[in-house]
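J.: Okay, handing you the structure first.
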Amino acid sequence: MDIRLSLTQNQILSQKMIQSMEILQMSCQELNEYIKEVSLENPVVDIEEGYEMPDKASDLVRKLEWLDSLDERNRIYSRQEYGEDSEDKQLMDYSENVGEELSEYLLHQLLTQDLTDLQYDVIHFMVYSLDSKGYMEEDLADIARRFDTDMDFVEEQLKLLQSLDPPGVCARNLRECLLIQLDREKEPDMTARKIVSDYLELLAKNQLHVISRKMKRPIEEISDACAHIRELNPKPGSGFDARGNLKYITPDVTVVKLADYYEILLNEYTYPRVGINHFYRQVLEGGTSKETENYIADKIRQAEWIQNCIGQRNTTLMRVSKCIVDYQEPFFKLGTGHMKPLRLQDVAEMMGVHESTVSRAIRDKYLQCAWGIFPMNYFFSKSISSKIGGDKITTEQVKKLIMDIIDEEDKKKPFSDRVITERLVERGVKISRRTVAKYREEMGIKDAGGRKEF
């Protein structure tokens, strides 16, 4: 009996430890969903939606408003760091006119067309078969069989759809998409059309000199035509689909710089508070059957344990955040490019906990500060030996050095990864050519051939 009881207690303890670790690694969005699920499964749990700590509510709103006031400063910083046309900026752009989906937009353009029932059915099927880029992925032969018609009829409907806006929509591949756009221009660029038709793969590799030789045309003409092609839209449907795929990040931690210190705020208002229904406590105090009493007592213990786990999660997250802010103060003061090397082990030693605890605490969580919203693992990076001041530098700083070196190159004779490696050594940073290539690719920078201008 004692052995079985001991095993049961160990199993309960094991389950509680697992539950505690799971709650620790939940983001505020995941915690919100979890608490709602618990309230459905445990009848004694009461949840208070959107609560805020009374003594901190006004301060929190004021500080978040202060962060909003820095938006213009952040935009200026972003332009300085990445430039107006950076890939990062494009990823953040989305159409403000998002009320209409691509399928609706296309069908509205056909309202004045006198379509037969079969035409309408085929076109309707095609429109709703488009992918997020606006491409037609369905095989036309399959569509013809589906509607018991011939291929010529289906191709006619496809041509009709390809004549609509946005130009290039309903193309079956990138080549067709670009050709449709070139053919709809008032003054067709035949050089550009020939390149898209026959040499698109070489264009992707920026091998303009090879295209020039094959087409027997001057490199200047080829360069102008390729610049024209790059101005076309390879994803005509993306502007309509962006809103559907847009994901909003809710930060778990907000760091606010006040006059002479940084205040760390946990965004506890984003998930409900777990409470215990007073009715069930009164039932226990008023006396009831042993079976009912055991059931209610067990459910109350479960609720109290969840309350305890959430409290521990918040305490651990706050401590980790404080270590990050204290150690990475140059970043919070000056922004990107001023990070210091920091390991999970370093924070674990500061807190006196296991490294896995820190790892779980920052997993899938975000921190908001004056410079934007960052995943918390962003503040951890390995160090690289440097002769600059005898200190070690972060991978972020190495990437910035690589960017600086590439900015200084002659675009007609861009640096290879080997040359970039040599330039880094001259600046006191010794890494391998393979590592340079890895960092370059992570930054979305093409190799020397792809950066060459003719």
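J.: Could you order 373, 310 by accessible surface area, starting with the largest, using a probe radius of 1.4 Å? Don't skip to the end; give the middle numbers.
T.: On the way: 373 75, 310 15 Å².
If we order 373, 310 from most to least accessible, we get 373, 310.
J.: State, as an integer percentage, the relative contact order of segment 221-357 based on alpha-carbon contacts under 8 Å between residues 6 or more apart.
T.: Details: 61 pairs, mean separation 19.4, N = 137.
Taking the mean separation of contacting Cα pairs over the length of segment 221-357, I get 14 percent.
J.: Under a point spin-label approximation (7 Å from Cα along Cα-to-Cβ), what is the residue 392-residue 151 distance to one decimal in nm?
T.: 6.4
J.: Starting from the residue with the highest accessible area, list 340, 205, 235 in decreasing order, probe 1.4 Å.
T.: 205, 235, 340
J.: Tell me, what is the 1.4 Å probe accessible area of residue 101, in Å² to the nearest 10?
T.: It works out to around 110 Å².
J.: Could you check the simple spin-label distance between residue 183 and residue 108, using points 7 Å along Cα→Cβ, in nm with one decimal?
T.: Inter-label distance under the simple model: 2.7 nm.
J.: Roughly how many Å² of residue 226 are accessible to a 1.4 Å probe, to the nearest 10?
T.: Rounded to the nearest 10, that gives 0 Å².
J.: Given a Förster radius of 35 Å and the C-beta distance between residue 276 and residue 356 as r, what FRET efficiency does 1/(1 + (r/R0)^6) yield to the nearest 0.05?
T.: The pair residue 276/residue 356 has a calculated efficiency of 0.70.
J.: Which order do you get for 402, 18, 264 if you rank them by accessible area with a 1.4 Å probe, largest at the top?
T.: Descending order: 18, 264, 402.
J.: For segment 259-416, build the charge dipole from Cβ charges (+1 Lys, Arg; -1 Asp, Glu) around the Cα centre, then report which of 295, 356, 308 sits farthest towards its positive end.
T.: Farthest towards the positive end: 356.
J.: Find the accessible area per residue for segment 288-376; the probe is 1.4 Å, ligands and nucleic acids are left out, and the unit is Å². Display every interim value, and only then the final one.
T.: Numbers: 4300 Å² over 89 residues.
Solvent-accessible surface per residue comes out at 48 Å².
J.: Residue by residue through segment 103-118, which ³J(HN,Hα) values in whole Hz follow from phi under the Karplus form 6.51 cos²θ - 1.76 cosθ + 1.60 (θ = phi - 60°), with glycine and proline marked x?
T.: Each residue of segment 103-118 in turn: 4, 5, 4, 5, 5, 5, 6, 9, 4, 8, 7, 8, 9, 6, 4, 5 Hz.
J.: Along each principal axis of its Cα atoms, how long is segment 303-417 end to end? Whole angstroms, biggest number first, please.
T.: Each principal axis gives a Cα extent; for segment 303-417 these are 68, 28, 25 Å.
J.: Keeping all protein chains in the complex and leaving out DNA, RNA and ligands, what accessible area do you get for residue 364 with a 1.4 Å probe, in Å² to the nearest 10?
T.: Using a 1.4 Å probe on the heavy atoms, I get roughly 100 Å².
J.: A follow-up question, please. Over its Cα atoms, what ratio of radius of gyration to 2.2 N^0.38 Å does segment 133-269 give?
T.: 1.63
J.: Could I ask something else about it? Ignoring any ligand, DNA or RNA, what whole percent of the accessible area of segment 388-454 comes from carbon and sulfur when the probe is 1.4 angstrom?
T.: C and S fraction of accessible area: 47 percent.
J.: Additional query: Does segment 152-233 classify as rounded, prolate or oblate by the C-alpha gyration tensor (a ≥ b ≥ c root eigenvalues; a/c under 1.5 gives rounded; else a/b over b/c gives prolate, otherwise oblate)? Before the final figure, lay out each step's value.
T.: Values: a/c = 2.55, a/b = 2.15, b/c = 1.19.
In terms of gyration-tensor shape, prolate.
J.: Report in % the part of the accessible area of segment 198-279 that belongs to carbon and sulfur, leaving out ligands and nucleic acids; probe 1.4 Å. The partial results should precede the final answer.
T.: On the way: 2400 of 4640 Å².
Here it works out to 52 percent.
J.: Evaluate the distance, in nm, between pseudo-label points positioned 7 Å from the Cα of residue 267 and of residue 220 along their respective Cα→Cβ axes.
T.: Calculated label separation equals 5.5 nm.
J.: How about segment 350-454: which trypsin sites (Lys or Arg not before Pro) there are in a DSSP loop, with at most 16 other Cβ atoms within 10 Å of their Cβ?
T.: Sparse-neighbourhood loop trypsin sites (Lys or Arg not before Pro): 363, 382, 387, 411, 412, 427, 430, 446.
J.: For the cross-link pairs 133/446; 159/214; 382/413, which exceed 27 Å when the distance is taken from alpha carbon to alpha carbon?
T.: On the way: 133/446 23 Å; 159/214 31 Å; 382/413 32 Å.
Beyond 27 Å: 159/214; 382/413.
The values are calculated or read from the model by the stated rules, or taken from the named source; none is laboratory data. Since the model is a prediction, treat every value here as computed from it, not as a measurement. Because the Cβ atoms are built from the backbone with ideal geometry, glycine has one as well, and the counts that use them run over all protein chains shown. For the accessible areas, the whole protein counts, side chains as well, though only heavy atoms, and no ligand, DNA or RNA atoms are used. Shrake-Rupley method; radii C 1.70, N 1.55, O 1.52, S 1.80 Å.
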